[in-house]
Ligand SMILES: C[S@@+](CC[C@H](N)C(=O)[O-])C[C@H]1O[C@@H](n2cnc3c(N)ncnc32)[C@H](O)[C@@H]1O
């Protein structure tokens, strides 16, 4: 399925790539998360979803440098957070940071498409700025797995603008992409981003019900629950 959804236009179908981001190895994304306060905004959205749970158990998938998890622990007095990432070097880095010794944090290596946890282990699973890294077949697995292990799955990801606007945005970024790794990653991520109709189609494949909000000029917010719950 195209990243623009099952009925994506021809132009939208061209706005895709198989190239990979450098990922956040230099910490630029984490720095931006702190500077632009997106960690705080993402944590607030997540905590709102567990507002009626006294001591929520939260799983963060694709935690990168762990900025969102740290914010969750700072902003909630009794939440327990399992902080995970696919890449062992990210997990080692998180374990060596303040999060590694936080009394309410557990740091583990985990694949969001094959989560090593029993059904219903968590009140909430969070996957922030990571979903677009996965091709459609794996992305649908995240819906299935996230809603299997947690009552609610929160995906926060980049918006995919309508194709003409997308072209314009990419054109403004292109001149800086050769010199700034952060901009290079921004372009690749933009080409990988999923449209709302793609997100709905992937959720339907996994038999998961979703509520979408945000998008266009702000991140897309996807709240997913198993269709039977
Ligand atoms: C752009 S970073 C986002 C980091 C963090 N969530 C944030 O908001 O700052 C994307 C992360 O997704 C992780 N990732 C990619 N594929 C994954 C998968 N299948 N399961 C878990 N994490 C994955 C990468 O290792 C990377 O750390």
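Couple of notes before you dig in:
- Modelled label positions at residue 165 and residue 109, each set 7 Å beyond Cα in the direction of Cβ, lie 4.1 nm from each other.
- Extension gain from residue 75 to residue 28, taking 0.36 nm per residue of separation minus the Cα-Cα distance: 14.6 nm
- Principal-axis tilt of helix 196-205 within the chain, Cα atoms, nearest 10 degrees: 60
- Per-residue Cβ neighbour rank within 10 angstrom, fewest leading, 12, 185, 55: 55, 185, 12
- The convex hull built on the alpha-carbon positions of the stretch 110-229 has an orientation-averaged projected area of 7.5 nm².
- Length released on extending from residue 101 to residue 51, taking residue separation times 0.36 nm less the Cα-Cα span: 15.5 nm
- Compared with the direct C-alpha span, the chain from residue 178 to residue 138 gains 11.5 nm at full extension, assuming 0.36 nm per residue.
- Highest-first arrangement of 127-137, 42-52, where packing means the average Cβ count within 10 Å: 127-137, 42-52
- Extent along principal axes [Cα atoms of the chain; Å; largest to smallest]: 48, 42, 27
- Annotation for residue 37 and residue 13: the two label points, set 7 Å from Cα along the Cα-Cβ direction, are 4.3 nm apart.
- Considering only beta bridges that DSSP places wholly inside the stretch 79-206, some 10 percent are antiparallel.
Readers should treat all values here as calculations from the given coordinates under stated rules, not as data from a laboratory. Note that the structure is a prediction, hence the values are computed from the model and not measured. So basically every Cβ, Gly included, is an ideal-geometry build from the backbone, and we count neighbours across all protein chains shown.
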